[in-house]
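Presented below is the structure to which this report refers.
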Amino acid sequence: MAARKTPGLQAFRKSRAFRTGVLARRLHLGLSAVVDRRLHEEGLDLTRPQALALMALVEQPGSSNAELARRNGVSPQTMHQILLRLERDGLVERRPHPRLKRVQALEATPHAVELVTRGSAVAQAAIERALRVLGAAEQEQLIALLERCAAALPSAGPPVLE
């Protein structure tokens, strides 16, 4: 079958816009793979959604299922399933919400806090190792440029860098 002539598509594939999107996604996927591998090697076998939920609970104890779902950009039903597994594994506890009778407040257990602390150190080291092809000033410049681009976009929702 002969290749179809599509000058508009070819021009798009060569554009800065296309290359930027592809490279941003490749960087995200590559860093995620590096972090996941290092976490697994360290015996920290939480899924990314589980780890994000635990990080949120460590930082904001007493959050509800709905709050965690919004913060992590998933449906309440998905977050409920994540929390059931974390609760089963002894990493999350439910308590009555202090103000809302029909809502459960969730808290990370001390073991979960320890896992999140260890995991964040492992993740940081893995990302820093992957980015050492850039000098410190170049890394800061990359961060500043990405922040400017992200700020110009409509909010895609959490996770938020704080």
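Structural remarks
Yes/no matrix, rows are residues, columns are (1) under 24 Å from Pro110 (Cβ atoms); (2) more than 19 Å from the chain's Cα centre (by Cα):
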residue	(1), (2)
Met1	no, yes
Gly8	no, yes
Lys14	no, yes
Ala24	no, no
Val34	no, no
Ala51	yes, no
Leu54	yes, no
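- All positions within the range 101-128 that are in a helix (DSSP H, G or I) and free of Cβ contacts under 8 Å to residues at least 60 places away in the same chain: Pro110, His111, Ala112, Val113, Glu114, Thr117, Ala121, Gln124, Glu128
- Enumeration of residues in the range 1-30 that are under 15 Å from Cys149 (Cα atoms) and of a type in the set (Phe, Trp, Tyr): Phe18
- Among the residues making up the range 59-79, a single one is in a loop (DSSP other than H, G, I, E, B) and in contact (Cβ under 8 Å) with a residue 60 or more places away in the chain: Gly73.
- Across the range 41-89, the qualifying residues are those that are closer than 20 Å to Ser120 by Cα and of a type in the set (D, E, K, R), and the one among them that is surrounded by the most Cβ atoms within 10 Å (Cβ to Cβ) is Arg71.
Since every read-out is calculated from the coordinates, none of them should be taken as a lab result. Keep in mind that this is a model prediction, so the values were computed, not measured. Don't worry about glycine lacking a Cβ; one is built from the backbone with ideal geometry, like all the others, and counts go over all protein chains shown.
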